[in-house]
Every structure is written in structure tokens, then in C-alpha cells.
Amino acid sequence: GKGGYDHFMLKEIHEQPTSLSQAIEGRIDPADGHLSLDGFEPDTFESVEDVQLVACGTSYHAALYGSLALNRAGVPATALLANEYSVTSPPVSEDTLVIAVSQSGETADTLNALRQADERGADTLTVTNVVGSTAARVADDSLFIRAGPEIGVAATKTFSSQAVMVTLLAQRIADDARGDPPADLESLLPDLSRMPDEIDTLLETSDADAIAREYIDSQAYFFIGRGLGFPVALEGALKFKEITYEHAEGFASGELKHGPLALVTPETPVFAIFTGEEDEKTLKNAEETQTRGAPVIAICPDDHRAVEVADDHLEIPETDSNLAGLHANVQLQLVSYYAADLLGRPIDKPRNLAKSVTVE
Ligand code: F6R
């Protein structure tokens, strides 16, 4: 059942402290920075030269998150839409690792990309929620996110867990392939162990319902972020359009001035995600939308400079920049949920969408 919540989506948003704890349980040791990922022996990823992550929809946003983490850790990586993989046909070698990110493990587009990568001689791995799924059977190896069943068509808790898993995996691949643990790990692991409790607090104290109410009559909704905030901006917009049926777009903050700024008016609120990656630039980009009359909602810690500039604020804790965007994403999940609820949308089963897309 819905456990006292009006919708599965809200229940699943609130399950994130638990699902995230399950994702990291036994896999990290903040004391010595050791990452133990299931059955992966030491040096499993020693020969990895480059990584391609393939996925669709929300899982693609987690894949993009992972590709950024890998690149930063010194491992060349790209995220590709699985449905574009056969036409893009990026070169692979036997030292290429192809990672399929799929909640269900049954998405036809993603399975096709996985099979193609395998046929071309790459090593394959899937990050999935479903033990015994087709992806888990097709890939050479699997890493399970342990999020528990997700009923709402809009993916919420599984996105958070996928993003955390690919972040950890990125560190592990870099460690094995480069022979030294990335410097990020030292600040990442303690913040990651705090994350479930912090998300719990965020859920209890969020002003997302008031923000949704304030902006419900807008013409369009824009989401901007930089670095790891960019996939979160894309995800914030996808969730919003899926369940509210309103026009929403996510942009890299720096891209606004290259075209999308033409869309900005007083009727288009801009949700600006601050992850601690060149925040002053993102703030400048947000201010450029304010100049055109757009209200700006800053998603950042309480003492952040953006709070003074923005029209509204959704709080996230002070945390490692590898994780800040995932806290912001939870605030955005809530905004989408409350906006859809105010608009009387069905939420758990949006029109035209299916939980698992098994056709090409
Ligand atoms: C959006 C959503 C979809 C899925 C996509 C891939 O909320 O759920 O975009 O993310 O269809 O599905 P999986 O992860 O099962 O491969």
C-alpha cells in the first residue's frame, strides 16, 4: 500500500533515507576510505581505459552524473542515450567498460545498447534495481542499487540511488585503473554516510509545497545548474513535465545566454541549483534571468550568497559537491509532486507513460 501517503510517488520520495542507506550499506567505510562493491575483487577495473554509460530518461541523467564523476576522477567517460547508441556507434576497445544504468533492467533501448557493446568486445556492467532482470543477465557484471520496488511511474528514489552508486563506482574504477584513490573520496565518504539523515531532515523541513503553490500559474518552468547540477537540472525538468504536464526545461546555467534566455519572462520561474561548482557564475546566470523579470528560486545552503539575491529559497545542507545536487534533486521532486497535486494530475500514472518501456 501507500503507507499513509496519498500517492506512491510521495511515499517513494520519503523512502529515500532508507533506500540510500541500503545503497551504501556495507559498501563504504568512512574511516579508511575503503569501497567494497559486492563481488568485485580488488583491481577488477585495473585495465579500464575508458567508460561509456548508456541509459534512457531519468537513468540517463544518473549516467550523466556518473560520467562527470569519472572524468573528474581522471577516467575518460561519456554518457550516451541508449536509443542513440546504435546510430552514434562510438568506438569501443576491449579496455572499454560499458555501463548500462536501468532501474528496471528491462528497457529495450538500453538492452540493445548493452548487447551491441558486448558484441563489439567491450566489458559490460549494469547498475540496476532488479535482481534477475534481463540487464543483469546480459551484462558481464551487475551492481544492484537495493532501492526496493518503485511503483510510481516517475522515478524518484531509484534516481538518487543510481546516482550514488555511479559516484561510488567512479571512485572505485579510478582507484583500480589509476592505482591511487581520488582525492575526493576523503570528503565524499563521511558526507555520504550523513546523507540519509540529512535527507530525512530536508523532507521534514522542506518549503516545496509553498513554492509549488506560489508559482503554479506560470507559463513555463526552467531549471539551471552547472557541473553535477546540470544533470539535476535536466532531471528536475523531466520530473516536472512528466507529472504536471506543464512546459519545463533544464539547461546548463552557462547555456542560457546562448539561446534559451529568449524564452525567459516574468511568467517563467527559474530554479537555480547551487552545488559549490563555480556558484558565482551560476548566480550571475540566474541574475540575468531576474533582469528579464523571472523569479529565481535558489536551491542552496542557508548561508549561501544566492539566498540574498534570489526571490525564494529551498534549503539543502552544506555537503560535498559530489552530493549537493542529489539533495537539491529531492527538493525538486517535492516541487514537482506538489505542483502536480495542485493541478489535480494523476501523479502515479501520468498519461501516455509506462513504468517500463520494453519497445524501441
Ligand atoms: C522518468 C522515468 C523514465 C525512465 C526510463 C528508463 O521518471 O522513469 O524516464 O527513467 O524509461 O527506465 P529504466 O531506468 O527502467 O531503464
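Solvent-accessible area assigned to carbon and sulfur over region 8-103 amounts to 49 percent, based on a 1.4 Å probe. Using a simple spin-label model with pseudo-atoms 7 Å out from Cα toward Cβ, Glu267 and Gln219 lie 0.5 nm apart. Taking all protein chains into account, the per residue accessible area for the chain stands at 39 Å² (1.4 Å probe). Taken along the Cα-to-beta-carbon direction at a fixed 7 Å, the label points for Thr78 and Glu278 span 2.1 nm.
Using the Cβ-Cβ distance between Asp43 and Thr88 with R0 set to 30 Å, the FRET efficiency works out to roughly 0.45.
For Val131 and Asp6, the difference between the fully extended length at 0.36 nm per residue and the C-alpha to C-alpha distance is 42.2 nm. The angle between the Cα long axis of helix 279-291 and the longest principal axis of the Cα atoms of the chain comes to about 40 degrees, rounded to the nearest 10. Computed over the chain, the per-residue total of -39500 (n - 2.57) for DSSP H runs of n ≥ 4 gives a 222 nm mean residue ellipticity of -14000 deg cm²/dmol, rounded to 500. Based on Cα contacts under 8 Å between residues 6+ apart, region 203-343 shows a relative contact order of 30 percent. Is region 240-360 best put as rounded, prolate or oblate by its Cα gyration tensor, with a ≥ b ≥ c the root eigenvalues, rounded for a/c under 1.5, and otherwise prolate when a/b is larger than b/c, oblate when not? Note, shape of region 240-360 comes out prolate. Note on Arg194 and Asp209: the extension gain reaches 2.9 nm, defined as 0.36 nm multiplied by sequence separation minus the Cα-Cα distance.
By the gyration tensor of its Cα atoms, with a ≥ b ≥ c the square roots of the eigenvalues, what is the shape of region 169-226: rounded for a/c under 1.5, prolate for a/b over b/c, or oblate? Oblate, since a/c reaches 1.5 and b/c is not below a/b.
The modelled label-to-label distance between Asp118 and Val359, using points 7 Å beyond Cα along the C-beta direction, is 2.5 nm. The alpha-carbon positions of region 302-359 define a convex hull whose volume is 134 Å³ per residue. A Förster distance of 25 Å, applied to the separation of the beta-carbon atoms of Glu287 and Leu342, puts the FRET efficiency at 0.30. By accessible area, using a 1.4 Å probe on protein heavy atoms only, region 165-310 has 47% of its surface on carbon and sulfur. Based on alpha-carbon atoms, the Kirkwood radius and the radius of gyration of the chain give Rg/Rh equal to 0.95.
What is the set of long-range amide H partners of Ser142 at a cut-off below 5 Å, with H atoms built 1.01 Å from backbone N? Distant-sequence amide H within range of Ser142: Thr126. Overall form of region 1-128: oblate. Here a/c, set by the Cα gyration tensor axes a ≥ b ≥ c, is 1.5 or more, and a/b is not larger than b/c.
To the nearest ten degrees, helix 229-244 and the longest principal axis of the Cα atoms of the chain are 70 degrees apart.
The values are calculated or read from the model by the stated rules, or taken from the named source; none is laboratory data. If you're wondering where the values come from, they're calculated on a predicted model, not measured in any experiment. Note: ideal-geometry Cβ built from the backbone for every residue, glycine included; neighbour counts use all protein chains shown. When the accessible area is computed, the model is the full protein with side chains, heavy atoms only, and any ligands, DNA or RNA have been set aside. Shrake-Rupley method; radii C 1.70, N 1.55, O 1.52, S 1.80 Å.
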